[in-house]
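Rule-based calculations on the coordinates, nothing more; no lab input. Predicted model only: the values in this text are computed from it and were never measured. We place every Cβ from the backbone using ideal geometry, glycine too, and count neighbours over all the protein chains shown.
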């Protein structure tokens, strides 16, 4: 024993030793668990005679799907049916996110209304929806929608909207004129947005009346209204009694509508709570200060409170969008051909559990990544920039 | 006289009592657009309510509910073994009563007005429930056991408050006893797991999964926060992948892939596979909730504990974790509520929990097309459980808030 050795900390009390030892231990455990599982897997796969590989994607799928955005026949390969399923998923997610945001913000802001009935209604909506399972709501809506009558005696509203077991039929722009009309509408919307921003700016900063901008807005509104009524070449769905079908217009299948409605209604309740919390997080002094500067309550919300609330709102909103995207996989409960449902059928037919699972994982992780990237970008633009 | 504070400034502001007309004027018809909104909503509500009421009293056939009550609650559990479940429910009632009494030992009144009203309501419900008369007596008996337990718990709590730390332990023991009562064995007749179902299975699955995922979630949260790079990366990968996937694919993984990864011939029970899937899923979410709590603890706490000479495991287990868990209780309860709701997805992978049971009842030709009645009924059941949990969590949060404000 040297004097030097007496001062040395014993190995078992040395923090540095434990740090390294613990990590090595974890690696050993993880690697051996994976080796064990992998060994079992290869043995089990050899037993069933399925070699790992994605060759099966090229073989003919042989099953039909109800909804498809791309032309698809049962003789097409699995890769095509999976792609059609992916597009179906994306369609639900895209419209779901837009509609749920609108509904969620409306319900969240309604909690601050000075109308007692509206406040209570939004409270009841949130309490009911958040305390019942999504899947139950999904099958509940499906239970309502499948009780729609057959196409022969379908409910029709003003001869232009038909509700039936075969789907919901809506008027829809048609032909090349419809596309041009839609383009004009988009341009009008952008122009109106820019003009109204400018109007608030000159009114707030220079104290001008904003009259010229208001007139411009009015003109844009008239153009948009004209395009909307006559320019779009609306095509109304028509009931054809000889073939017992409805022709023309836009057809939404009951499965798609059920999934979209239940996802939107469910997620909007959560978004409403997020919006409410965000608005409440803005100090009362901000309201009072803005009012004392002479802003009307609509402008206070738009210029002072909401931009600050957005900082609190956006991060949890991101996770609600992710939830909506993930929950769209519940489509399998109403047999809507989303990517999970199609992959599930593919697995049942081919028995390729590992490959199908990898495809599903890759799909959802990529979708999540893109939603998160977009939301982070948005978050950066509203974040507080401190000096 | 000036030294005496004027009494008027000490008084609380006067409560303004509005007459019914003034109230309506102020809350519903103060501006023209509010009048419009009020009228619109009232018309809509009126139409919906009248349609709903006329449906509920004329078209709806509610007989599907009482005819299937046992199925809803316990699935296809053999009816000659129901006595086991009643004993189990009795023990649960007593223990929840004791816990309630114990927690409320310092409050002046055990039975406040609201509690009495709720209990009375439950009692009336127990009496009018359309089940054989013996079950009504048993239900009233359960209520009495609960009350007796509460009274006993309060007495024990006031005389021997130290016994409180045995309560969590006894709940854990009770869970094992429950599984024994349900599954049988050790002298009781064995009931195969494919006969477990209904609300009983829903509750069992969610409680077991949350208990299992709790320690894993804590470890993952600590791992993600740890200074050891390899552990941090592995935990992060696990959490992010699981949170990026829909629950249904994880359940699919549990049902289909798990047997592939296990040695040949071992095929764990369906329910066990589902529990593994649920646990994998909720542990990742719990880890994030707990991480939120960990981040809320100031660094000074760690430094102070280190300065006292505690090593890392002791710092974490004695100083950091207790505080972090307390902070994250609301989000943990939130996670529990959503796990409870998510058990409905098990019906997709073929388990007959509450929703699965309802769907198999609806598949019975006798009850074809009775969707709305059945789904409304189980919707109310889910709602009661979830709402009760969220109210309880708010109470717990207030009780545990020991900060001096």
Give the separation of the Cα centroids, the stretch B:139-168 to the stretch A:193-258, in Å. 65
State, as an integer percentage, the relative contact order of chain A based on alpha-carbon contacts under 8 Å between residues 6 or more apart. 21
Determine, for each peptide in B:128-141, A:310-323, A:244-257, the mean count of other beta carbons within 10 angstrom over its residues, then list the peptides with the highest first. A:310-323, A:244-257, B:128-141
As a test of the formula, what do you get for chain A when each DSSP H run with n ≥ 4 contributes -39,500 (n - 2.57) and the sum is divided by the residue count, at 222 nm and rounded to the nearest 500 deg cm²/dmol? -21500 deg cm²/dmol
From the square roots a ≥ b ≥ c of the eigenvalues of the alpha-carbon gyration tensor of the stretch B:222-269, which class results: rounded (a/c under 1.5), prolate (a/b over b/c), or oblate? oblate
Within 10 Å of each Cβ in A:134-142, the average number of Cβ atoms from other chains: 6
Mean Cβ-within-10 Å packing, highest first, puts peptides A:265-277, A:158-170 in the order A:265-277, A:158-170
What order do you get for A:76, A:55, A:14, A:67 when you list them from fewest to most C-beta neighbours inside 10 Å? A:55, A:14, A:76, A:67
Can you give the mean number of other chain Cβ atoms that lie within 10 Å of the Cβ atoms in peptide A:38-45? 3
Could you compute the FRET efficiency for residue B:117 and residue A:36, with r as their C-beta to C-beta distance and R0 at 45 Å, rounded to 0.05? 0.20
Average partner chain C-beta neighbours within 10 Å, per residue of A:350-357? 3
Pairs of alpha-carbon atoms within less than 8 angstrom and 6+ residues apart define the contacts here; what relative contact order does chain B have, in percent? 18
Could you give the nm distance between label points at residue A:54 and residue A:319, where each point is 7 Å from its Cα heading toward the beta carbon? 3.2
Hey, with R₀ at 30 Å, roughly what FRET efficiency would residue A:28 and residue B:207 work out to, going by the Cβ-Cβ distance, to 0.05? 0.35
Among A:281, B:393, B:209, rank each residue by its count of other Cβ atoms within 10 Å, from fewest to most, as a rough exposure measure. A:281, B:393, B:209
Separation of alpha-carbon centers, the stretch A:72-130 and the stretch A:6-41, rounded to whole Å: 47
Note: residue A:191 to residue A:8 extended length (0.36 nm per residue) minus current alpha-carbon separation gives 58.3 nm
Bridge type composition, the protein assembly as shown - antiparallel percent by DSSP, nearest 5: 95
Cα-based shape type of the stretch B:1-108, given that a ≥ b ≥ c are square roots of the gyration tensor eigenvalues and the cut on a/c is 1.5: oblate
Order of B:54, B:206, A:196, A:329 under a 10 Å beta carbon neighbour criterion, fewest first: B:54, A:196, B:206, A:329
Helical mean residue ellipticity (222 nm; -39500 (n - 2.57) per DSSP H run of 4+; nearest 500) of chain B: -22500 deg cm²/dmol
Heads up, the stretch B:156-266 by the C-alpha gyration tensor (a ≥ b ≥ c square roots of eigenvalues; a/c under 1.5 rounded, else a/b over b/c prolate, else oblate) looks oblate
Give the distance, in whole Å, between the Cα centre of the stretch B:289-305 and the Cα centre of the stretch B:8-51. 47
The stretch A:200-324 - percent relative contact order, Cα under 8 Å, separation 6 or more: 18
